[in-house]
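The values are calculated or read from the model by the stated rules, or taken from the named source; none is laboratory data. Here the structure is a predicted model, which means the values were calculated and not measured. Every residue, glycine among them, receives a Cβ derived from its backbone with ideal geometry; neighbour counts consider all protein chains shown. Just so you know, the surface numbers come from the protein's heavy atoms only, side chains and all, with ligands and any DNA or RNA stripped out. Shrake-Rupley method; radii C 1.70, N 1.55, O 1.52, S 1.80 Å.
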Amino acid sequence: MRKGRHPAKGRRGKFFTGVTLVNKLDAEARAVRQGRRAVLPPTEQPLLRAHLVHHQRFSADTVLCALQPCALIPLWPKVAGVSRGKEGIMTQVRRRIAIVGFGPRGLGALEALVNRAQATGASMAVDVFDASRWPAAGPSFSPDESKVCLLNLPLRSIALPPPPSCSRLQEDFADWLGEAGCDREAYLPRAMLGTYLHERFKALLAQLPDHISVVHHPLRVSAAHWDQDGWRLHAQSGGHGPFEHVLMSLGQPETHPDPQLKRWRKHAGLNALPLCSAYPGAELIRAAQDWSGRVVGIRGLALSSLDVIRMLTLGLGGRFEDGRYIASGREPARIVPFSLDGLAPWPKPLDAALDAGFDPLPREDAAFEAALHAALSDSGNAGLPTAFDVLAASAVRVIRSAGGGAEQDEVLDWLEREAGAPGSQELLGTLDALRCGIRQAEGQEPPAIGYTVGQLWRKWQPLLRSIYGSRLVPPATARAFTAFDEGLKRYSYGAPVVTARQLLMLIETGLVDPRAADDPGVALSSKGWDIQSGEAAVTADVMIDTVLPPPALERVAEPLVAGLQDAKTLTALSEGLGARCRPDAVLIRSDGKPVQGLGLAGRLSNGSSIAGDSIHDCFGGICDRWAETVLEAR
């Protein structure tokens, strides 16, 4: 036999025939990345698939993906999972990683993996699972969401880390916007940020190095189990895997309704009454076309309810001009948002100059950092109040520098009451609180204690996330910190001033009628929901739910999460909190042992992490630590 020839028959012959086919794909990789498809005759596909599965220990679903067009970009040569050895034979098996749930945080995790794989030359195949038509955007930032749904951050405050160096998109969000990004004080539609994130993902796929592959599966994963080869994932199309590491990044998963909502759903069904969710906003606006002349109740009075009010006014053709609202005639007769206190979120400072007045000083940053380390110590003896002295001293300085008056003891008393019963210090009614918040946000009057503490807490959240997320926090301390953070969201996650002003106009015209009402204050009748507040009552014949379920594991109905809980693979840090995780997102069992190759990041890790609702928490931090763990594992 001549040198360089190999047998045409037998196992060895099939092996070299398979390698020849792999090399055909490898030779066409450049053309593939330029948008042209590699052509493999259908008669040769079964042989290559069988060869890779049998000889290279690849699962059939992976090889099938390698031989079929990907929805976003052809990746056949990458998914094959092999690389050239010294003699030109493709032998190296790629490490298989999965990301389940692919919104902004999933993108952050993928980019962290790519950055490290680029630096180390690690060979990996990443499968991402998300049923959304806009991977990387997630439902909250979906590009097809209504344009009246705004970000709650001005453009100047959105600072995401740059994409991996291999990506063809290297612009930050503001630069990518072009002329639309000129006004750094603008609160833009969330759909714009979602479009940027989706384009960022596509740009990354288009120029991945040859040793990294990514495939998007438009599927919802319903179950996961571990066997001797790794993690197996199950979706409606069948099984996928095995995977060496799996990260669950699920955003807001399906939850069991609370008792009030469960009762209301049954009531709405029996009486043919509309009971809708706030999102997707485009669907809600379509449904609202038939609500002219009706009374619409809104359960909740947080940021989501402000979105809904804009949908039912601006989304139906109304507009604001010269300080007044001009109706389109398609609006409901009355919009009745209600909550336990009847108070809307406080607006953020109007512009960068006013916002800078709440910047902590360097010495205050250092003091807060030291207080956090003490409060979050393993012993947990110091607790949340350790940070109060720093917060109080900084708040007094800010208030006095703005021309107000405040004493340390006053602020400490406010903080202690907030820690015990969030919002119990608020004595103003709905309209007075809204007007007061606008004046403080616009700098017309010195900020009050609550407003000042909320802005300082917002400024310190990146430091809080960094220190909190780098350690295992005791359950009691986690409960105290997460509850305090949640309560202050009425200030720290506030709305734009323009939204607060528009809400005030709508209340003054009588179109919006906010109420304070608890569960006993809402009675059910055949006509709808009788909302009692003080001596005034109103019946809503349409109800919209805007209450975001808490990130507590006991409320989760998502099949994937519920199944892992049943298997004792996923456990809660404490009642009312999310999953018990290490700082690198790896799950921890109830016996304190880590779950091999399985991590969780996002809202469902609340308690193990903190302040996870921010877009900035989706990049860096936990995702970086997870990627480092994945790359270091052998």
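Give me the 1.4 Å probe accessible area per residue for the range 435-533, excluding ligands and nucleic acids, in Å².
Values: 3370 Å² over 99 residues.
I get 34 Å² per residue for the range 435-533.
Counting Lys and Arg as +1 and Asp and Glu as -1, what is the net charge of the other residues whose Cβ lies under 12 Å from the Cβ of Thr499? Write down the numbers at each step before the final one.
Values: positive: Arg310, Lys348, Arg501; negative: Asp307.
Value of the local net charge: +2.
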TODO: Can you pull the one-decimal nm distance between simple spin-label points at Glu199 and Ala366, each 7 Å off the Cα toward Cβ?
DONE: 4.3
Open item on the list: Starting from 0.36 nm per residue, how many nanometres of slack lie between Ala557 and Trp176 once their C-alpha separation is accounted for?
Closed with: 133.3 nm
Open item on the list: Using a 1.4 Å probe on the protein heavy atoms, what percent of the accessible area of the range 191-346 belongs to carbon and sulfur?
Closed with: 51
Open item on the list: Going by Cα centres, the range 554-631 and the range 275-300 are how many Å apart?
Closed with: 34
Open item on the list: Need one value: the accessible area of Thr629 in square angstrom, 1.4 angstrom probe, rounded to the nearest 10.
Closed with: 40
Task: Selection from Gln565, Cys581, Ala540, by position along the positive dipole direction of the range 531-612 (Cβ) - done: Cys581
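In square angstrom, what is the accessible area per residue of the range 138-181 with a 1.4 angstrom probe? Intermediate results must be reported in sequence, preceding the final value.
Numbers: 2080 Å² over 44 residues.
Value for the range 138-181: 47 Å² per residue.
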Task: Gained length - Gln425 relative to Arg324, 0.36 nm times residue gap less alpha-carbon distance - done: 33.1 nm
Task: GluC sites (Glu not before Pro) restricted to the range 227-311 and DSSP loop, no more than 15 other C-beta within 10 Å - done: Glu254
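Want the number for Cys166 to Ala272: 0.36 nm per residue separation, take away the alpha-carbon distance, what's left?
Details: separation 106, 0.36 × 106 = 38.16 nm, distance 5.43 nm.
Full extension from Cys166 to Ala272 adds 32.7 nm.
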TODO: Quote the accessible area belonging to Ser424 in square angstrom, nearest 10, computed with a 1.4 Å probe and with ligands, DNA and RNA left uncounted.
DONE: 50
TODO: For the range 478-540, state which trypsin sites (Lys or Arg not before Pro) are in a DSSP loop and have at most 12 other beta carbons lying within 10 Å of their beta carbon.
DONE: Lys527
Task: Coil-residue GluC sites (Glu not before Pro) of the range 467-545, DSSP, other Cβ within 10 Å capped at 12 - done: Glu535
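Step through the table entries Lys459/Lys489; Lys489/Lys568; Lys147/Lys459; Lys147/Lys202; Lys262/Lys489; Lys147/Lys527, compare each Cα-Cα distance with 21 Å, and write down the pairs that go over it. Each step should come with its number before you reach the end.
Working: Lys459/Lys489 12 Å; Lys489/Lys568 33 Å; Lys147/Lys459 28 Å; Lys147/Lys202 23 Å; Lys262/Lys489 26 Å; Lys147/Lys527 33 Å.
Result: Lys489/Lys568; Lys147/Lys459; Lys147/Lys202; Lys262/Lys489; Lys147/Lys527 exceed 21 Å.
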Task: Net +/- balance of residues flanking Gln170 in space, Cβ distance below 15 Å, scoring K and R +1, D and E -1 - done: -2
Open item on the list: Cβ neighbours within 10 Å, averaged per peptide: list 127-135, 154-162, 358-366 in order, most packed at the top.
Closed with: 127-135, 154-162, 358-366
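So if R0 is 25 Å, what FRET efficiency would Ala159 and Gln260 give, r being the distance between their Cβ atoms, rounded to the nearest 0.05?
Numbers: r = 39 Å, r/R0 = 1.56.
E between Ala159 and Gln260, to the nearest 0.05, is 0.05.
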TODO: Please check which bits of the range 264-282 a label hung off Asp290 would reach, taking the label as a point 7 Å along Cα-to-C-beta and the cut-off as backbone N under 20 Å.
DONE: 265-282
- [ ] Rank by packing, highest mean first: peptides 112-119, 100-107, with packing defined as the count of other Cβ atoms within 10 Å averaged across residues.
- [x] 100-107, 112-119
